[in-house]
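Inspection log for the structure reproduced underneath, given as structure tokens.
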Amino acid sequence: MTDHLHPEPDPLVIDQVRVWLAAAARLVVTTGAGISAESGIPTFRGPGGLWRRFRAEDLATPEAFRRDPRLVWEWYDWRRGLIAQAAPNAGHLALVEMEQGRDSFQLITQNVDGLHQRAGSQRVIEVHGNIWRVRCIDCGTESLNLETPLPQLPPRCPCGGMLRPGVVWFGEDLPRTALETAWSAAEQGDLMLVVGTSSLVYPAAALPDIARRHGARIVEINPDPTPLSDRADLSLRGSAAQILPRLLSP
Ligand code: BJW
Ligand code: ZN
């Protein structure tokens, strides 16, 4: 999107990150919507972002769902359709390779699209849930629903209750085990790659600070600067699908 505005990262800088990757006993990678952008899935903020046409507060909050569950479900149903047609890109695949052969690796994603798992990543934590999961607002039952488009909006639980997407909305707590696992991985990591996130949404945006406070190096991969950039040891300006494969050993 904005890649052409940024010069290619200096090969020496890429080499530096390769050295850090080779030396890292515990590698932690956090990802956001930007890693799926090149799979054709719109990001939330920025040019073409999902929030440009829809306001976050209208769609990704419990209040919005209470007010107009059908509108919220129409948005999720549309996104499920896009995700179903999308395939993991070279960025997702490079992360699979980075995991292979490592004793300690943790991928922490804010994405709900499941593309990391489809690419083959094994150690993935989804801190904002998964768009293919649904949960009954009456009986609390959770299940997978892969239908797209959904035949009925909003979809219903066998108990008659309304189903909601199994994702985390603003003002809601993150899944406890996922967050705890992510937190301790951040504390124990010695290198953290932060890929394709605006680093605005908490508590996920705090993970690099936790890692840094515990001595990890932080490398950001993003075509544009973010609030994290100043605190990162290095920022590689470019797209995830271009940069991540270059970090693999030649
Ligand atoms: C590329 C690229 C390419 C492009 N390659 N890169 C002050 C006021 C009000 C609330 C708060 C507040 N301070 C803190 C809060 C709490 C709130 C919060 O953080 N708000 C901030 C916005 C201020 N957080 C929460 O509410 C969280 N819960 C919580 O804190 O619980 C405790 C609590 C309870 C009660 C009250 C308060 C606290 C929950 C957050 C849930 C976020 N949910 C969403 C929706 C998930 C479901 C769905 O998908 O629909 O999660 S919102 C949305 O943002 C989604 C994402 O996971 C998340 C982060 O977005 P991400 O991934 O960073 O995407 P973008 O679009 O922002 O950025 C993309 C980046 O990629 C850009 O930088 C591009 O440059 C880059 N890029 N192309 C690489 N090719
Ligand atoms: Zn139910």
- prompt: Simple spin-label model, 7 Å along Cα-to-Cβ: Gln188 to Cys139 in nm?
  reply: 3.8 nm
task: Considering only DSSP beta bridges where both residues belong to segment 125-245, give the percentage that are antiparallel (nearest 5).
output: 50 percent
statement: Classified through the alpha carbon gyration tensor (a ≥ b ≥ c as square roots of its eigenvalues; rounded if a/c is under 1.5, else prolate when a/b is larger than b/c, else oblate), segment 128-215 comes out prolate
message: Could you list Met192, Met98 so that the one with the fewest beta carbons within 10 Å of its beta carbon is first and the one with the most is last?
response: Met98, Met192
query: Which percentage, to the nearest 5, of the DSSP beta bridges contained in segment 82-163 is antiparallel?
result: 60 percent
task: Take Thr226, Thr141, Thr31 and order them by how many other Cβ atoms sit within 10 Å, fewest up front.
output: Thr141, Thr226, Thr31
- prompt: Mind listing the phi-derived Karplus ³J(HN,Hα) values for segment 158-172, rounded to whole Hz, using 6.51, -1.76 and 1.60 with θ = phi - 60°, and x for any glycine or proline?
  reply: x, 6, x, x, 7, 8, 10, x, x, 10, 9, 9, 4, x, 9
statement: The long-range amide H neighbours of Ile125, using H built 1.01 Å from N in the peptide plane and a cut-off of under 5 Å, are Leu107, Ile108, Thr109
message: Nearest 5 percent is fine: what portion of the DSSP beta bridges confined to segment 8-162 is antiparallel?
response: 30 percent
- prompt: Based on the alpha-carbon gyration tensor of segment 29-103 and its eigenvalue square roots a ≥ b ≥ c, which shape applies: rounded if a/c is under 1.5, prolate if not and a/b is larger than b/c, or oblate?
  reply: prolate
field: Global form of segment 66-177, assessed from the alpha-carbon gyration tensor, a/c cut-off 1.5
entry: prolate
- line: Residues whose modelled amide H sits under 5 Å from the amide H of Ala24, counting only those 5 or more places away in sequence or on another chain, are none
statement: Scalar couplings 3J(HN,Hα) for segment 133-138 by Karplus 6.51 cos²θ - 1.76 cosθ + 1.60 (θ = phi - 60°), nearest whole Hz, x for Gly and Pro, are 8, 10, 9, 6, 7, 9
statement: With label points set 7 Å from each Cα along the Cα-to-Cβ direction at Val13 and Leu248, the distance between them in nm comes to 2.3 nm
- prompt: Tell me, Arg133, Arg67 in order of fewest to most beta-carbon neighbours within 10 Å?
  reply: Arg67, Arg133
task: With springs connecting C-alpha atoms under 10 Å apart, model the chain as a Gaussian network and identify which of Asp15, Asp113, Asp190 has the largest mean-square fluctuation.
output: Asp15
- request: Using 0.36 nm per residue of separation minus the Cα-Cα distance, give me the extension gain between Thr181 and Leu146 in nm, one decimal.
  value: 9.9 nm
field: Arg156 long-range amide H proximity, modeled H, under 5 Å
entry: Leu163
- prompt: Whole-Hz Karplus ³J(HN,Hα) for segment 68-80, in order, using 6.51 cos²θ - 1.76 cosθ + 1.60 and θ = phi - 60°, x for Gly and Pro?
  reply: 8, x, 5, 4, 5, 5, 4, 5, 5, 5, 4, 5, 4
- request: Set the Förster distance to 25 Å, then compute FRET efficiency between Glu74 and Asp224 from the Cβ-Cβ distance, nearest 0.05.
  value: 0.25
task: Starting from the Cα gyration tensor of the chain, multiply each eigenvalue by 5, take the square root, and state the resulting semi-axes largest first in whole Å.
output: 32, 19, 16
statement: The answer for the net charge of residues other than Ala87 whose Cβ lies under 12 angstrom from its Cβ, with Lys and Arg +1 and Asp and Glu -1, is -1
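Read-outs: derived from the displayed coordinates by stated rules, not from any lab. All of these numbers come straight from a predicted model, not from anything done at the bench. Backbone-built Cβ (ideal geometry, glycine too); neighbour counts: all protein chains shown.
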